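Step one of this worksheet: look at the structure below.
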Amino acid sequence: MKILVINCGSSSLKFQLIDSETEQWLAKGLCERIGIDGSQIVYQKAGGDKETTVSPMPDHTEAIRLVLEALTNEKTGAIKELSEIDAVGHRVVHGGEKFASSTLITPEVIEAIKECNDLAPLHNPANLIGIDACQKLMPGVPMVAVFDTAFHQTMPPEAYMYGLPYSYYEKYKIRRYGFHGTSHSYVSKKLAEDLGKKPEDLKVIVCHLGNGASVSAVKYGKCVDTSMGLTPLQGLIMGTRSGDIDPAIIEFIAHKENKNIDEVMTILNKKSGVYGLSGDLSSDFRDLEDAYNKGDEKAKIAVKTFCYNVAKYIGAYTAAMNGVDAIAFTAGVGENAAFVRKLICEYLGFLGITIDDAANNTRGDDTVISTKDSKVTVMFIPTNEELAIARETLALI
Ligand code: ADP
């Protein structure tokens, strides 16, 4: 079967056409600047080069029309006709408490996703626009919603409740939800497979360290805690997001800098994290590593604070699961930044973790980076959210 995976943002749209038998992508790409001047589509067929075409995209329907046109293009298309697409899997950011797993999209499901819009006002409406556009252009093709929050719905109340008046949970559903669930689920299962074990037999900590970053505790195949919260702002220090701070800082900055709540929230989301800590040097760990090696003090503080923070979460989640068998690093930083993995693991000697530097300094497919006698197995495992969405979609059609 051929499954089209769509990840629709407010002004961008990523897509991948996946062959479910081989689990390889047949074509993939990105539409950028939807609804803004200068929109373009980047398209690549498997085995071919990336092509960039500038084309007006006033809305998402036009973006998806261009994607379908590229996929069926006589010369560079990956399929001859649209009817070859058997199903579409949509990434949906917030499923609230309504969705603990992926689901076939029906009119009722769309209404239920709309009800979660309050919880992710930037993301869910864009995801719904993508679903609507696909339904218009591919009537009758089954569509599946795969939620970032679903995998974390197994958390117990003591992990997801905040120390706030209970009525806020009842009235507004304020609680921890967690994100990157598709990645945490995929990587925790892949790790078990790599180790020749069943997920039900393992206590695993997954560190998804990308521009956005989160950690999860997966006990016997089920998520029992995760670092992101009601929104993706909570938890680890990230590329540009602050992660955990004293909430009183918001009021403090507002007074000192004469800013309103929205302005302070923009600072916490876009100007903080390792970017802010490094004195606005960069949110990219490649730049930070260079600066760190050249002795830049702020870059050192940014990297060390980031690593210390991840290590503290690993300690906390070891307590939450009463032990840990394996730790996996994934996403842009987790898969590529060997020096970050090394610095994090230096805090974990108390768990009996020792790192094999030669293995750690490699890149590529799933790799064990701990030594043979390490008490906990540590790996890096490239995440593949698109493949995970395609698998979920296939399972539901
Ligand atoms: P997201 O999906 O959250 O945008 P990614 O998982 O793609 O993020 O991660 C992007 C980040 O990965 C970059 O900002 C950079 O910090 C880091 N990264 C990517 N490649 C490398 C590399 N070779 N070395 C170190 N860090 C890298």
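Bear in mind that the values in this text are calculations on the coordinates, not laboratory data. Note that the structure is predicted; figures quoted are calculated from it, not measured. Cβ atoms come from the backbone with ideal geometry, glycine included; neighbour counts cover every protein chain shown.
Can you tell me which residues in the stretch 333-360 are within 12 Å of the ligand (Cβ to nearest atom) and in a loop (DSSP other than H, G, I, E, B)? Give the steps one after another, and end with the answer.
Filtering the stretch 333-360 down to residues within 12 Å of the ligand (Cβ to nearest atom) leaves 333-341.
Result: 337, single match.
State all residues of the stretch 282-304 that are surrounded by fewer than 15 Cβ atoms within 10 Å (Cβ to Cβ) and either of a type outside the set (Lys, Arg) or part of a helix (DSSP H, G or I) (or both); if no residue qualifies, say none.
In the first step, residues of the stretch 282-304 are kept if they are surrounded by fewer than 15 Cβ atoms within 10 Å (Cβ to Cβ); the result is 286, 290, 293-295, 297, 304.
Those that are surrounded by fewer than 15 Cβ atoms within 10 Å (Cβ to Cβ) and either of a type outside the set (Lys, Arg) or part of a helix (DSSP H, G or I) (or both): 286, 290, 293, 295, 297, 304.
Quick one: would you say residue 247 is within 16 Å of the ligand (Cβ to nearest atom) and closer than 20 Å to residue 162 by Cβ? Spell out the reasoning first.
Details: within 16 Å of the ligand (Cβ to nearest atom): no; closer than 20 Å to residue 162 by Cβ: yes.
Considered against the rule, which asks whether it is within 16 Å of the ligand (Cβ to nearest atom) and closer than 20 Å to residue 162 by Cβ, residue 247 comes out as no.
List the number of the failed condition for residue 309; all other conditions in (1) more than 13 Å from the ligand (Cβ to nearest atom); (2) closer than 23 Å to residue 221 by Cβ; (3) not in a loop (DSSP other than H, G, I, E, B) hold.
(2)
Under 20 Å from residue 215 (Cα atoms) and among the hydrophobic types (A, V, I, L, M, F, W, C): is that true of residue 301 in this structure?
Numbers: under 20 Å from residue 215 (Cα atoms): no; among the hydrophobic types (A, V, I, L, M, F, W, C): yes.
Answer is no for this residue.
Kindly indicate which of 78, 27 is farther than 27 Å from residue 178 by Cβ, in a loop (DSSP other than H, G, I, E, B) and in contact with a Leu (Cβ under 7 Å, 6 or more places away or on another chain). Let's see the steps before the verdict.
Details: 27 fails: in a loop (DSSP other than H, G, I, E, B).
Going through 78, 27 in turn, the sole match is 78.
Out of (1) within 16 Å of the ligand (Cβ to nearest atom); (2) touching a Lys or Arg at 6+ places or on another chain (Cβ under 9 Å), the odd one out for residue 282 is which?
(2)
Looking at this structure, is residue 303 touching a Leu at 6+ places or on another chain (Cβ under 7 Å), under 20 Å from residue 349 (Cβ atoms) and within 12 Å of the ligand (Cβ to nearest atom)?
Working: touching a Leu at 6+ places or on another chain (Cβ under 7 Å): yes; under 20 Å from residue 349 (Cβ atoms): yes; within 12 Å of the ligand (Cβ to nearest atom): yes.
Yes.
Can you pull out the helices (runs of 4 or more DSSP H) entirely within the stretch 113-212 that have at least 3 residues that are within 16 Å of the ligand (Cβ to nearest atom) and not basic (Lys, Arg)? If you could, list the steps in order and put the result at the bottom.
On the way: elements: 124-137, 157-160, 166-172, 181-194.
Fully inside the stretch 113-212 and qualifying: 181-194.
Which condition number in (1) of a type outside the set (Lys, Arg); (2) surrounded by 20 or more Cβ atoms within 10 Å (Cβ to Cβ); (3) without any contact (Cβ under 8 Å) to a residue 24 or more places away in the chain; (4) closer than 24 Å to residue 209 by Cα is the one that residue 93 fails?
If we test residue 93 against (1) of a type outside the set (Lys, Arg); (2) surrounded by 20 or more Cβ atoms within 10 Å (Cβ to Cβ); (3) without any contact (Cβ under 8 Å) to a residue 24 or more places away in the chain; (4) closer than 24 Å to residue 209 by Cα, just (3) comes out false.
If you scan the stretch 213-244, which residues turn out to be polar (S, T, N, Q), within 14 Å of the ligand (Cβ to nearest atom) and surrounded by fewer than 21 Cβ atoms within 10 Å (Cβ to Cβ)?
240
Go through the stretch 212-237 and give me each residue that's closer than 18 Å to residue 271 by Cβ and either out of contact with any Pro (no Cβ under 8 Å at 6 or more places or on another chain) or among the β-branched types (Val, Ile, Thr) (or both). Walk me through it before giving the result.
Within the stretch 212-237, the first condition is being closer than 18 Å to residue 271 by Cβ, and the residues that meet it are 212-213, 231-237.
Of everything in the stretch 212-237, those that are closer than 18 Å to residue 271 by Cβ and either out of contact with any Pro (no Cβ under 8 Å at 6 or more places or on another chain) or among the β-branched types (Val, Ile, Thr) (or both) turn out to be 213, 231, 232, 233, 234, 235, 236, 237.
Quickly run through the stretch 250-279 and pick out the residues that are within 16 Å of the ligand (Cβ to nearest atom), assigned to a helix (DSSP H, G or I) and more than 22 Å from the chain's Cα centre (by Cα). Full working, then the answer.
Initially, the stretch 250-279 is screened for residues within 16 Å of the ligand (Cβ to nearest atom), giving 269-278.
If we keep only those that are assigned to a helix (DSSP H, G or I) too, we end up with 269-270, 273-277.
Residue satisfying the conditions is 277 alone.
Could you list all residues from the stretch 322-332 that are within 22 Å of residue 198 (Cα to Cα), within 16 Å of the ligand (Cβ to nearest atom) and not hydroxyl-bearing (Ser, Thr, Tyr)? Explain how you work it out, then say what you get.
Here is the first cut: in the stretch 322-332, the ones within 22 Å of residue 198 (Cα to Cα) are 322-330.
Subset that is within 16 Å of the ligand (Cβ to nearest atom): 328-330.
Those that are within 22 Å of residue 198 (Cα to Cα), within 16 Å of the ligand (Cβ to nearest atom) and not hydroxyl-bearing (Ser, Thr, Tyr): 328, 329.
Go through the stretch 31-54 and give me each residue that's of a type outside the set (D, E, K, R), in a strand (DSSP E or B) and either surrounded by 15 or more Cβ atoms within 10 Å (Cβ to Cβ) or at positive phi (or both).
Here is the first cut: in the stretch 31-54, the residues of a type outside the set (D, E, K, R) are 31, 34-36, 38-44, 46-48, 52-54.
Then keep just the ones that are in a strand (DSSP E or B); that gives 31, 40-44, 52-54.
Matches in the stretch 31-54: 31, 40, 41, 42, 43, 44.
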